[in-house]
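The values are calculated or read from the model by the stated rules, or taken from the named source; none is laboratory data. Treat the numbers as computed from the prediction; the structure is a model and nothing was measured. For neighbour counting, all protein chains shown are included, and Cβ atoms are generated from backbone atoms with ideal geometry for every residue, glycine included.
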Amino acid sequence: MLQRPQPEAMDAWIEASRQGNLAIQEQALLLEVARYEISSRRAEHLPTLDLVASQSMQERPNIATERSESASLGLRLSMPLYAGGRTSAAVREAQALLIQAEAALDDARRAAELDTRHAWLGVVGGLGRVRALEAATLSADSALAANRLGYRVGMRTSIDVLEVQSQYSEIVQQLSRARYDTLLAQLRLKAAVGSLDERDLHALSDLLETPEKP
């Protein structure tokens, strides 16, 4: 079913793409991973404090009934030693990956906005073309009927009828193509905002199997 975008304002769809576009969401997650990686690498410089517990049991030789048990609980502080700059290099590498992730997220946002604009314009412009071609189809159909009647009463030749028939067929093909392109633009628009689902794909399949009549 071909219909105008709801909401109709392009800006509303662009804002929706910023929130729901799948590529943006993916890059945002990768950015969070990159930030976590920096924190993880920096933590390698920090000392660690561990809770250590141990338990032991001793038996005196030849005295099976005499044994002693001991347990200990303590804290162990570990200080990382200089590792030839390995940790610092890992931090710099993680920071470079963060910059790349930020750039990729910006690219994803720009691409989503551009795709949304093009798709929205494709839907709105396509609907206008469909309506114009529907009117042209009705006019061509009337012209074809008039020429056929004129041929039967001797006022038109078979060449006249064939010419009008060809024009009618061409307009019908253009209308079918315009409907298809407009529906594709609708699907692209929904994909840009992350709301495309199976029902939308079924609509395209139905249009291909049983095109709308003019």
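Remark: residue 84 matches the filter, which requires a residue to be at pLDDT below 70, at positive phi and not polar (S, T, N, Q). Whenever a residue of region 25-37 is within 17 Å of residue 95 (Cβ to Cβ) and among the β-branched types (Val, Ile, Thr), it has no partner that is modelled with pLDDT of 90 or more and outside any helix (DSSP H, G or I) lying with C-beta atoms less than 8 angstrom away and at least six residues away or across chains. For first residues located in region 152-174 and surrounded by 11 or more Cβ atoms within 10 Å (Cβ to Cβ) and in a helix (DSSP H, G or I), partners that are acidic (Asp, Glu) and modelled with pLDDT of 90 or more and lie 6+ apart or on another chain with Cβ distances below 8 Å form the pairs 168/141.
Looking only at residues of region 189-214 that are touching a Ser or Thr at 6+ places or on another chain (Cβ under 9 Å) and modelled with pLDDT of 90 or more, we find that the one that is surrounded by the fewest Cβ atoms within 10 Å (Cβ to Cβ) is 194.
When region 20-29 is examined, which residues are found to be closer than 16 Å to residue 188 by Cα and in a helix (DSSP H, G or I)?
As a first pass, look at region 20-29 and keep what is closer than 16 Å to residue 188 by Cα: 20-24.
20, 22, 23, 24, listed by residue number.
Do we find that residue 18 is within 25 Å of residue 108 (Cβ to Cβ), at pLDDT 65 or above and of a type in the set (Lys, Arg) in this structure? Here the answer is yes, as residue 18 does meet what is asked. Per the conditions (1) farther than 30 Å from residue 17 by Cβ; (2) modelled with pLDDT under 90, the sole criterion not satisfied by residue 143 is (2).
Whenever a residue of region 1-16 is outside any helix (DSSP H, G or I), its partners that are acidic (Asp, Glu), lying with C-beta atoms within less than 9 angstrom and at least six residues away or across chains, give the pairs 2/212.
Among the listed residues 37, 32, 113, 69, identify the single one that is at pLDDT 95 or above and either part of a strand (DSSP E or B) or not β-branched (Val, Ile, Thr) (or both). Explain how you work it out, then say what you get.
Values: 37 fails: at pLDDT 95 or above; 32 fails: at pLDDT 95 or above; 69 fails: at pLDDT 95 or above.
None of the other options fit; the residue is 113.
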